[in-house]
Structures are given as structure tokens and as C-alpha cells.
Amino acid sequence: MHFSELFTHCPACGSDKFVQNNEKSKRCESCGFVFYINPSAAVAAFILNEAGDLLVCKRGKEPEKGTWDLPGGFVDGNETAEGALIREINEELQAKVMDYNYIFSLPNLYEYSGMTIPTLDLFFTCTIADESQLTPSDDVADCFFVPLKDVKTEHFGLKSIQKGVGMFLKSNTNF
């Protein structure tokens, strides 16, 4: 659900005169408060093993529970995207990031708690310390390596991840 439908009263004064201001904001006609919905930042990692296979995670929670995903998640307040990447890979896989490189970003719409949240997903390639000791944790139900030739974008549940994987596969056509 779009935030403009979900929030009907001003969070500052409680007035019901909380009206659409533009596509990304609502304004209170009583107190003048303006509430903006801007994208939340998120990170996703392409991790390849020595054989060139892609590390894939199986989502353990909604949205899109049970579908494939890349390791990653939301950037916390006062955290860099790189810091979030390192933290998320540690939380989800119990793995230590050794090196990373930013490659591209994609907009996304993330459905959570009945609300459509705009996100900006930042994609990285990275290497981890020991790929043989991965332990699925947090919201990851399972993780496994898939040869690039066998990776199908339709197995990924989140639209930006599908598109990002497709872009990654096109740029790695040497498989």
C-alpha cells in the first residue's frame, strides 16, 4: 500500500487534514508539517567461489519467503553502505568480508508490513574469508553456490535483485 493511503493523520499534531503534497510527500493543512518518503538504502552482494559459482541465499522470511536472494539488507542509520555490506554478510552467513567493489544501483519497491517502501539497492562484488564455513543465519534459510550457467533470474523473488542478477550475468558472459 502506498504511504499516502496508509497515513491519514498528521504525525506531528494528529490532524486529519493531512493531504497529498506531491508524489513523495504529504502536508498537514493544520500545522504545516511535511512528511517525505524517500528511498531507504539497501545492499546486495555478488560472491563468487574459486570455481566462479554464485553464492545464492534462500529467503527465510517475507517478503518473497522461499525464493532466491543475494546476501545483503538495509543500511542502518549512521552506517555506510560498505559497513552495511560487511555487517549483513556477517549476520546472514557468519562470514567475514575480505574485499568489495561497488558495481551499480537499482531502484526497488519493497513490500513490508502492508506498506510499499521505495528502496535504492546498491550492488557490490565481494570476496569472503572462508566460503566452506558458511552458516545461514538471521533471515537466510539456506545458502549454496550455483554455476553461473544455471542461475535463472526468475528464481529470485525481489524485482531489483532479479534485474541486478540479469545485469551481472550479462557482464559475466565468459561462462
Degrees, to the nearest 10: 81-93 long Cα axis against longest axis of the chain
60
Build a GNM of the chain with springs between Cα atoms under 10 Å: which of Arg27, Arg87, Arg59 gets the top mean-square fluctuation?
Arg27
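For Asn172 and Asn78, compute 0.36 nm times the residue count separating them, minus their Cα-Cα distance, and round to one decimal in nm. Walk me through the intermediate numbers first.
Working: separation 94, 0.36 × 94 = 33.84 nm, distance 3.37 nm.
Gain on extension, Asn172 to Asn78, equals 30.5 nm.
Would you mind classifying the range 40-171 by shape? Square roots of the alpha carbon gyration tensor eigenvalues, ordered a ≥ b ≥ c; an a/c under 1.5 is rounded, otherwise it is prolate if a/b is larger than b/c and oblate if not. Before the final figure, lay out each step's value.
Values: a/c = 1.34, a/b = 1.19, b/c = 1.13.
Rounded.
Okay, helix-only estimate at 222 nm for the chain: each DSSP H run of n ≥ 4 adds -39500 (n - 2.57), divide by all residues, round to 500 deg cm²/dmol; what do you get? Before the final figure, lay out each step's value.
Working: 3 runs with 30 residues, N = 175.
Here the helix-only value at 222 nm equals -5000 deg cm²/dmol.
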Within the chain, longest stretch clear of exposed GluC sites (Glu not before Pro) (DSSP loop, no more than 16 other Cβ within 10 Å):
80-175
Could you name the lysines in cross-link range of Lys26, using Cα to Cα under 16 Å and dropping any fewer than eight places away on the same chain?
Lys17
Using only Cα atoms and rounding to the nearest 10 degrees, what angle (0 to 90) does helix 159-171 make with the longest principal axis of the chain?
40
With the crude spin-label approximation of a point 7 Å out along Cα→Cβ, what separation in nm comes out for Ala129 versus Met115?
3.7
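Every number in this text was worked out from the coordinates using simple rules, so none of it is lab data. Computed from a predicted model, the values in this text were never measured in an experiment. Please note: Cβ atoms are built from the backbone with ideal geometry, for glycine as well, and neighbour counts cover all protein chains shown.
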